[in-house]
Amino acid sequence: MVATQLGAPKRVGIIGAGIAGLAHAWVAAQRGHHVTVFERSARSSGASIRNFGMIWVIGQPDSMQSIAMNSQSMWLQAAKQAGFWIEPCGSLHLVHHDDEWQVLHEYLAEHRHSPRSAHLQLLDRAETLAKTPAANPSGLLGSLWSDTECCVDPTSAVRSIPAWLHRDYGVEFHFSTAATHVESGLIRTGEGMNHPFDQIVVCSGDDFATLFPEAYHGVAIRPCKLHMMRTVEQPHGWRIGPHLAGGLTLRHYPNFKGCPTLAQLQQRIATQAPELDRLGIHVMASQNHLGQVVLGDSHQYGEEVEPFDTCDIDSYILRELEKIICLPTWDLQARWHGVYAKYTGGLVYEQVVAPGVTVFTGLGGNGMTLSFGLAQDAWERWETV
Ligand SMILES: Cc1cc2nc3c(=O)[nH]c(=O)nc-3n(C[C@H](O)[C@H](O)[C@H](O)COP(=O)(O)OP(=O)(O)OC[C@H]3O[C@@H](n4cnc5c(N)ncnc54)[C@H](O)[C@@H]3O)c2cc1C
């Protein structure tokens, strides 16, 4: 057990065993607190097990770089201690259009004096093809290589963390246990049991209705639904290499916002394929330890979130992926959707809702990348005031 004792140990209650709740559990336990986690499902089943498993440092704005890098090193540490698979694979943004290539040049120029530049490199066509067998060579101009990204298999990683935190840090987990009422000093569960705590963190993901619904009224937070697919295991041990993204992704993450040619790229997509904007589609691929390639995704917000997964969305995603990557087999093994909470007022919605009770959610598409670092940052702030 590694504990950094700072002040008297507290009883800390956490709601939600998604990555946000697990990150708080780990950090609080490292600080010497007695931690208990309540999770409504029998095992983690929310956004945290439904994603690409991309620790996507490249997608974070400059202001989040140090938190993202800290998070990435915490993932490596967690994987080592808990024994789950992780690969520091890096990433490539593959480009097949002149405006995309120009955006990459502008991005690199903008960062030439920043510490970030040490992790970035523009690759020409031949260098790109040498980095991954999956780049579609047809029309390929080059790529942006970044060495900071890691890959985990989200389902096995997230579901293995509770046993590790219990074994090494004594964290108690109550699965199949919904928290139905929270107030200062107390969590009440569906069975009517009251559990006393000194500090409570509510990491309930996209459930805005059960606990502190008033904390979400008038706040820029809403659910976002994403379509995902996974291929069967690729044959003969074929590996994709780095995480792959394409020109469409340049419009999605805030890191490319400062590039002057981005507007031209966005205009081209809006004119040529308006369905991609309507459905929030940009395409990415990662490969897990089983050899399956995880493919996605789309983004539908608020009232657009329906239980039905319409087939056109998956077709568009596959159509766009086939433009940028080639796989030995595209046979699918699974399709699913995930829903996350997206807060647009910042990278996380952290709100004190009662003395000693903090809501912590809204991580959008960055929860896997940032949760560990944000949790550490939060506890350092909370315990130095
Ligand atoms: C398809 C998809 C792809 C993504 N890809 C990436 C990626 O590659 N990289 C990246 O960084 N991020 C990615 N994300 C985002 C990331 O997965 C989320 O930001 C993150 O998982 C959110 O974690 P969370 O703990 O807040 O929510 P969740 O994982 O949804 O966990 C919330 C948990 O709280 C529990 N809960 C809620 N209410 C209660 C209650 N009252 N009592 C008890 N338990 C309760 C729920 O059952 C749930 O288990 C992706 C998301 C999706 C959906």
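Any read-out appearing in this document is the output of simple, stated calculations on the displayed coordinates, not a laboratory observation. This one's a predicted model, so the numbers in the text were calculated from it and none came from an experiment. Neighbour counts run over all protein chains shown; Cβ positions are idealised from the backbone, glycine included.
How do the peptides 247-255, 142-150 rank, highest first, by the average count of neighbouring beta carbon atoms within 10 Å per residue? Walk me through the numbers before you get to the answer.
Details: 247-255: 20.7, 142-150: 22.4.
Going from most to least packed, we get 142-150, 247-255.
Rounded to the nearest 5, what % of the DSSP beta bridges within the chain are antiparallel ones?
Values: 51 of 69 bridges.
Here the share of antiparallel DSSP bridges comes out near 75 percent.
Using the charge dipole of the chain (Lys, Arg: +1 at Cβ; Asp, Glu: -1 at Cβ; taken about the Cα centre), state which of Leu186, Val348, Thr369 has its Cα farthest towards the positive end.
Most positive-ward Cα: Leu186.
If the only charges are +1 at each Lys and Arg Cβ and -1 at each Asp and Glu Cβ, what is the size of the charge dipole of the chain around the Cα centre, to the nearest 20 debye? Intermediate results must be reported in sequence, preceding the final value.
Values: 27 positive and 38 negative charges, 121 e Å.
Magnitude of the dipole: close to 580 debye.
Rounded, prolate or oblate: pick one for the chain, where a ≥ b ≥ c are the square roots of the eigenvalues of its C-alpha gyration tensor, a/c under 1.5 means rounded, and failing that, prolate if a/b is larger than b/c, else oblate.
On the way: a/c = 1.77, a/b = 1.69, b/c = 1.05.
In terms of gyration-tensor shape, prolate.
For the peptides 256-267, 164-175, 83-94, what is the packing order when you average, over each peptide's residues, the other Cβ atoms within 10 Å and list the highest mean first? Walk me through the numbers on the way to the answer.
Details: 256-267: 15.8, 164-175: 17.4, 83-94: 21.2.
Highest mean packing first, the order is 83-94, 164-175, 256-267.
Grab the other residues whose beta carbon is less than 15 angstrom from that of Glu214, score K and R as +1, D and E as -1, and report the net. The partial results should precede the final answer.
Numbers: positive: none; negative: Glu183, Asp207.
After counting each charged neighbour, the total is -2.
In whole Hz, with x marking every Gly and Pro, tabulate ³J(HN,Hα) for the stretch 15-21 from phi via Karplus 6.51 cos²θ - 1.76 cosθ + 1.60, θ = phi - 60°.
Karplus-based 3J(HN,Hα) across the stretch 15-21 equals 10, x, 10, x, 5, 5, x Hz.
Could you check the simple spin-label distance between Leu318 and Val352, using points 7 Å along Cα→Cβ, in nm with one decimal?
Reported label-point gap for Leu318 and Val352 is 5.2 nm.
Taking H as built 1.01 Å from N, whose amide H comes closer than 5 Å to the amide H of Gln287, not counting residues under 5 places away?
Distant-sequence amide H within range of Gln287: Val294.
Quick check: net charge around Thr271, other residues with Cβ under 14 Å of its Cβ, Lys/Arg +1 and Asp/Glu -1? Don't skip to the end; give the middle numbers.
Values: positive: Arg251, Arg268, Arg278; negative: Asp99, Glu275, Asp277.
Spelling it out: positives minus negatives among the neighbours equals 0.
For the stretch 265-385, just say rounded, prolate or oblate: build the C-alpha gyration tensor, square-root its eigenvalues into a ≥ b ≥ c, call rounded for a/c under 1.5, and beyond that prolate if a/b exceeds b/c, oblate if not.
Working: a/c = 2.40, a/b = 1.82, b/c = 1.32.
Prolate, since a/c reaches 1.5 and a/b exceeds b/c.
Taking a temperature of 20 °C and a viscosity of 1.002 mPa s, what whole-number D in µm²/s does Stokes-Einstein yield for the stretch 23-173 with Rh from Kirkwood over alpha carbon pairs?
On the way: Rh = 17.6 Å.
Diffusion coefficient, whole number: 122 µm²/s.
Whole-Hz Karplus ³J(HN,Hα) for the stretch 264-276, in order, using 6.51 cos²θ - 1.76 cosθ + 1.60 and θ = phi - 60°, x for Gly and Pro?
Couplings: 5, 4, 4, 5, 4, 5, 4, 7, 7, 8, x, 4, 5 Hz.
By the scheme Lys and Arg +1, Asp and Glu -1, what is the net charge of all other residues having a beta-carbon under 13 Å from that of Leu120?
Cβ neighbours under 13 Å give a net charge of -3.
Once the piece of chain linking Thr210 and Thr384 is laid out straight, how much longer is it, given 0.36 nm per residue of separation minus the C-alpha distance between them? Walk me through the intermediate numbers first.
On the way: separation 174, 0.36 × 174 = 62.64 nm, distance 3.06 nm.
Extra length available between Thr210 and Thr384 comes to 59.6 nm.
How far, in nm, would the chain grow between Ala163 and Glu306 when pulled straight, counting 0.36 nm per residue and subtracting the alpha carbon separation?
Details: separation 143, 0.36 × 143 = 51.48 nm, distance 3.38 nm.
Fully extending the segment from Ala163 to Glu306 adds 48.1 nm.
Of Lys80/Lys225; Lys10/Lys225; Lys80/Lys342; Lys225/Lys323, which pairs sit farther than 26 Å apart, going by alpha carbon to alpha carbon? Don't skip to the end; give the middle numbers.
Numbers: Lys80/Lys225 32 Å; Lys10/Lys225 36 Å; Lys80/Lys342 30 Å; Lys225/Lys323 24 Å.
Table pairs above 26 Å Cα-Cα are Lys80/Lys225; Lys10/Lys225; Lys80/Lys342.
Give me a comma-separated list of calculated 3J(HN,Hα) values for the stretch 54-68, in order, Karplus coefficients 6.51, -1.76, 1.60 applied at θ = phi - 60°, integers in Hz, x for any Gly or Pro.
8, 8, 9, 4, 4, x, 8, x, 3, 5, 9, 4, 5, 5, 5
Any idea what the relative contact order of the chain is, in percent, if you count C-alpha pairs under 8 Å spaced at least 6 apart?
26 percent
Placing +1 at every Lys and Arg Cβ and -1 at every Asp and Glu Cβ, with all other atoms neutral, what dipole size does the stretch 14-90 have around its Cα centre, in debye to the nearest 20? Working shown, then result.
On the way: 5 positive and 3 negative charges, 48 e Å.
Value, rounded to 20: 240 debye.
Based on the Cβ-Cβ distance of Leu186 and Ser138, what FRET efficiency does E = 1/(1 + (r/R0)^6) give at R0 = 45 Å, to the nearest 0.05?
On the way: r = 61 Å, r/R0 = 1.36.
Calculated value: 0.15.
Taking amide H positions as placed in the peptide plane 1.01 Å from N, state which residues far from Ala178 in sequence (5 or more) or on other chains have amide H under 5 Å from it.
Here the answer is Gly190, since their amide H atoms fall under 5 Å of that of Ala178.
Assuming a ≥ b ≥ c are the square roots of the Cα gyration tensor eigenvalues, decide whether the stretch 145-243 counts as rounded (a/c under 1.5), prolate (otherwise, with a/b larger than b/c) or oblate.
Details: a/c = 2.56, a/b = 1.70, b/c = 1.51.
Prolate, since a/c reaches 1.5 and a/b exceeds b/c.
Can you give the extra length, in nm with one decimal, that the chain gains between His113 and Arg11 once fully stretched, where that is 0.36 nm per residue apart less the Cα-Cα distance? Each step should come with its number before you reach the end.
On the way: separation 102, 0.36 × 102 = 36.72 nm, distance 4.50 nm.
Gain in length upon complete extension: 32.2 nm.
What FRET efficiency comes out for Asp331 versus Ala130 if R0 is 25 angstrom and r is the Cβ-Cβ distance? Round to the nearest 0.05.
0.40
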